[in-house]
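Read-outs throughout are calculated quantities, based only on the coordinates presented, and are distinct from any laboratory measurement. The shown structure was predicted, so the numbers you read here are calculated from the model rather than taken from an experiment. Backbone-built Cβ (ideal geometry, glycine too); neighbour counts: all protein chains shown.
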Amino acid sequence: MTAARTDALVFFGATGDLVHKELFPALQGLVHDGGVRMPFIGVARSPWTTEQLRARAKDSLEQSGRFDPQAFEELAPLLHYISGDYGAPETYVAMRRALGGARHPLLYMAVPPSVFPVVTDALAGAGSTEGARVMIEKPFGRDLASAKELNRTLRRHFPEEDIFRIDHFLGKEPVQNITYTRFANPWLEPVWNRSHIHRVQITMAEDFGVKNRGRFYEEAGAIRDVVQNHLLQLLAIAAMDPPGGAGPDAIGDEKVRLLEHVQPLEARNVVRGQYRGYRSADGVAPDSTVETYVALKLFIDNWRWSGVPFYIRAGKELAMRSTELFVEFKRPPRDLFGETVPPGSSHLRMRIGPDIAVGFGMRVKVHGEQMVGRDVELALTSCPGDAHPPYQRLLSDAMAGNKELFARQEGIEASWRIVEPVLGDATPVFSYEPGSRGPVQADGLTGTDGPWIDPAPPEPTECR
Ligand code: NDP
């Protein structure tokens, strides 16, 4: 058990995509903004040197547009590299040597899930789990049984308070803004329920494909990659009850309770798609049925949400890149002015990326003699993007032992229970064109609830 502050970071999978994309910018931020000074030790099998790791960090910062020469000078000497097999005791002897006097490392598993248990067991065999914290990437397991098994492996060697299960959406500023907006504006609470809300939509649209990550994606697909974790976490934040008390567990408790009340998915409420061209990507089987798109309808079995549909769409190679939560209030019970108020006129839109925005939709009268209206959206706040990488916040919290922004095992298990009935080939996969809105079959899913409401295009502006 460790209550001490972290004094070193060891990251396994140092040569990988995630470390390049997310970790190096976060480390530069920690060093430069947070004044963090500790060894950052990368471990992987590739026969690299420390100099190569530093060059890789520089490349990552340049590519992400965050390279700051002064900050990099502070970061580079802290980076060290160990080449070795994840299961070999010598790797951990070298790790201990590199740790020097550090006794409370944060051990970060940025390796494929199949390698998590190999590293954990080898760390324990080398006596290197004592006094350490462990941070583990999503996906946490491939299904409910493997998530439980992985948890048992971790719990054999680490107490619960030292295990940090990452879902990096939870470290995003705009995701925290959803929680904030809901509970800092008490007038929302009386209308945040089945009496006033028609439906809720969550969209995660990407305008790019699997790139060079085909082999990884073949084992995942959209449901495992983003629905089971990121998008169900968003749903939980959007739909949970107000937290009681102010303890660090209050919000986590409510999210878990909510997820436990989501009904498991039924095949008739799921449409899977695959973009044309996916099968020729590197590492993808020529007859793959893995989904690069999914649209689904969920129900929450509690007093607040009974009967309200929650729609989720996630896909690659779509017409735009945007992630947003769209809460659609009910239409008027009668069309009083001889016009039909369109679905979605009255709404709250919370965009999470690529820009950050909160918009409030209303129907207002057009000037003139006729009682005719138009839809307007009041931009309550908007910002070009996250100022700090989400991993900077998450690493800093894990180093301080703060678990508030990390996923909980009960929530992870509840999420697997929700998606498990539709994993794999439980439903057919339909083809769609790159640059489209996904397979046309998804349009049939919404029925009388009204058509899908597509994300609004981002409006890059100054932060306000
Ligand atoms: P990579 O495939 O890039 O793997 C990371 C590193 O792990 C590789 O550089 C490799 O290093 C080592 N590795 C790869 N395959 C194996 C293997 N079969 N056995 C042992 N070592 C292996 O993965 P990512 O960096 O993309 O992802 C790492 C983890 O983070 C995964 O769990 C992923 O699901 C998760 N994740 C990734 C995201 C991303 O955007 N990339 C986003 C969110 C989560 P070497 O061969 O040098 O040892």
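Rounded to the nearest 20 debye, the dipole magnitude of segment 247-330 is 360 debye, with +1 charges on Lys and Arg beta carbons, -1 on Asp and Glu beta carbons, and the Cα centre as origin. Look at Ile453, Ile352 and count the other Cβ atoms within 10 Å of each Cβ; fewest to most, that gives Ile453, Ile352.
Rounded to the nearest 500, the 222 nm mean residue ellipticity of the chain from helices alone is -8000 deg cm²/dmol, with -39,500 (n - 2.57) taken per DSSP H run of at least 4 residues. Against the chain, whose longest principal axis comes from its Cα atoms, helix 409-419 is set at around 50 degrees.
DSSP beta bridges confined to the chain are antiparallel in about 55 percent of cases. Panel order for Phe406, Phe158, Phe183, by other beta carbons found within 10 Å of each beta carbon, from fewest to most: Phe183, Phe406, Phe158.
Positive contributions from Lys and Arg (+1) and negative ones from Asp and Glu (-1), summed over other residues with Cβ under 10 Å from the Cβ of Pro434, come out at -1. In this structure the amide hydrogen of Ser346, modeled in the peptide plane, comes within under 5 Å of the amide hydrogens of Phe329, none closer than 5 places in sequence on its chain. Taken about its Cα centre, the chain carries a charge dipole of roughly 280 debye when the Cβ of each Lys and Arg holds +1 and the Cβ of each Asp and Glu holds -1. The Kirkwood radius of segment 205-264, taken over pairs of alpha-carbon atoms, gives through the Stokes-Einstein law at 10 °C and 1.306 mPa s a diffusion coefficient of 117 µm² s⁻¹. Computed about its Cα centre, the charge dipole of segment 8-137 is approximately 240 debye, with only Lys, Arg, Asp and Glu carrying charge at their Cβ. Once you reduce segment 27-58 and segment 128-150 to the center of their Cα atoms, the two points are 23 Å from each other. Phi angles of segment 126-142 translate, via the Karplus equation with coefficients 6.51, -1.76, 1.60 and θ = phi - 60°, into HN-Hα couplings of 8, x, 9, 8, 4, x, 9, 10, 10, 10, 10, 7, 7, x, 8, x, 10 Hz per residue; Gly and Pro are given as x.
For the pair Phe337 and Val118 in one chain, pulling the backbone fully straight at 0.36 nm per residue adds 72.2 nm over the alpha carbon distance. For the chain, the number of Lys pairs with C-alpha atoms closer than 24 Å, counting only pairs eight or more positions apart or on separate chains, is 27. For Ile356, the residues whose modelled amide H falls within less than 5 Å of its own, excluding neighbours fewer than 5 places apart on the same chain, are Cys383, Gly385. The angle separating the long axis of helix 250-260 from the principal Cα axis of greatest extent in the chain is about 70 degrees.
Once backbone amide H atoms are built at 1.01 Å from N, Asp167 has Ala407 as its partners under 5 Å, excluding neighbours fewer than 5 places away on the same chain.
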